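In what follows, a single structure is set out as structure tokens and then discussed.
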Amino acid sequence: MDYSEKRISADIRKLSVDMPDKSVYEAVLRNWDAVAKPLDGLGRFETLTARIGAIQGTEEIDISKKAVVIMCADNGIVAEGVSQSGQEVTTAVVRQMARGASSVGKMAALIGADTIPVDIGMKEEEHIPGVLERKIRHGTNNFRTGPAMTEAEAVRAIFTGIEVAEDCKRQGYRILATGEMGIGNTTTSSAVVAALLKCGADSVTGRGAGLCDEKLLRKRRIIAEAIDKYRLYEAQPLRVLETVGGLDLAGLTGLCIGGGLCHLPVVLDGVISMAAALLAERLVPGTAQYFIPSHKGKEPAVEKLMEALRLEPVIDGKMALGEGTGAMMMLSLLDMALSVYRGRTSFADIRVKPYERYEGKTE
């Protein structure tokens with residue numbers, strides 16, 4: 001699709017996604033029951049792979065060509081001392097990502113996933129080789145003193161994420177994972193979550209990369225003040241995003257919507273990508289049917305986000321690394337589960353009587 005700067009929020013409201021194929025979902029579950037193992041022996045991996053099959057529209061589930069899309073941007077709220085690091089760290093880490101040398105790059109290489117870092121709003125002027133250049137602006141404003149961005153910029157960033165998903169679909173990718181890099185983005189995501197869920201800043205705002213008590217209190221206070229100042233409990237999702245969000249968050253929101261439009265499953269990472277997922281679902285209802293949860297991170301907003309999205313994390317490793325690392329772990333687990341599914345060793349193969357399914361799930 002070709003989206004110009006003149007596109008406005010009405011375009012987003014016109015978007016809609018089809019529901020995944022329920023008949024394929026049920027067929028995949030029947031295939032699992034025919035595999036020589038106890039019924040429901042692989043637990044949630046059976047229903048999650050069935051979900052992927054329903055999204056792809058086929059029982060022959062294929063996630064061999066996969067990528068993690070990493071939205072990279074700087075956040076003006078860093079000026080308020082809400083992070084241990086300055087914005088120069090965003091650039092330093094993205095340079096490593098471009099070389100495949102960051103944490104997510106090493107994990108992706110191990111499982112055969114491609115990394116696609118996207119400069120959607122870094123402050124850095126120079127183009128970094130290996131980074132997809134889609135810059136909307138050079139970082140956002142400090143939302144304590146004014147809205148982080150304009151509505152037009154937020155919409156452009158969302159449609160940029162949609163376009164990246166569409167490009168991935170054309171290139172043959174079968175599943176996408178979400179990643180991000182942007183110092184200060186636990187502050188923007190916490191502010192967005194507090195506003196969308198109409199809850200107190202204290203209940204969803206954590207230490208990020210490791211704030212001391214004093215800075216954590218300041219971070220929470222700044223978010224609470226912004227919600228009051230801009231009356232965000234009464235605001236529509238797009239206005240919440242443009243007021244206290246980030247361009248990385250907006251790009252991920254578009255990627256999540258794009259997954260639904262393109263019938264690509266989207267593996268969510270931690271709190272930032274889950275905040276984007278909630279925005280996507282609020283903007284285009286039904287999009288959440290295309291999400292695959294990965295891990296339960298350390299940020300306090302995660303539990304509220306999972307409840308709102310009706311998703312349950314698979315990994316509980318107390319992780320807080322970001323970049324898409326939790327999503328990479330999940331993809332490796334899905335690969336292992338699908339090796340069993342694709343192999344389809346039957347009960348006849350091992351000359352054993354099949355288990356019978358009675359009412360309800362086996363324990």
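What follows draws every value from the coordinates through simple rules; no lab data is involved. None of these values were measured; they are calculated from a predicted model. Every residue, glycine as well, gets a Cβ built from its backbone with ideal geometry; the counts of neighbours run over all protein chains shown.
Odds and ends about this structure:
- When you restrict to C-alpha pairs under 8 Å that are six or more residues apart and normalise by the size of the chain, the relative contact order lands at 23 percent.
- Integer Hz, Karplus 6.51/-1.76/1.60 couplings in order for the range 206-216, x for Gly and Pro: x, 7, x, 7, x, 6, 6, 4, 4, 6, 5
- Put a dot 7 Å past the Cα of Glu166, heading toward its Cβ, do the same for Ser332, and the two dots end up 3.5 nm apart.
- Reach of Lys22 by Cα under 22 Å, taken over lysines that are not fewer than 8 positions away in the same chain: Lys169, Lys361
- The range 25-55 versus the range 219-239: alpha-carbon centroid distance in Å: 42
- Taking amide H as placed 1.01 Å from N in the peptide plane, the amide H of Glu180 sits under 5 Å from that of Met71, Glu323, Gly324, each at least 5 places away or on another chain.
- Sorted by Cβ density within 10 Å, fewest first, the residues Met181, Met329, Met19: Met19, Met329, Met181
- Under 20 Å from Lys14, Cα to Cα: lysines that are on another chain or at least 8 residues apart: Lys6
- Shape call, the chain: gyration tensor on alpha carbons, a/c limit 1.5: prolate
- Shown here for the range 114-219: trypsin sites (Lys or Arg not before Pro) in loop regions (DSSP other than H, G, I, E, B) with at most 13 other Cβ atoms within 10 Å, namely Lys198.
- Database remark: amide H of Gly121 closer than 5 angstrom to the amide H of Cys72, Asp74, Ile136 (H placed geometrically; neighbours at sequence offset of 5 or more, or on other chains; Pro and chain starts carry no H).
- For the residue pairs Lys106/Lys318; Lys106/Lys135; Lys66/Lys296; Lys66/Lys123, alpha carbon separations beyond 27 Å are given by Lys66/Lys123.
- The order of Asp213, Asp269, Asp74, Asp62, going from fewest to most other C-beta atoms within 10 Å of their C-beta, is Asp213, Asp62, Asp74, Asp269.
- Distance between the 7 Å Cα→Cβ label points at Lys298 and Cys199: 1.9 nm.
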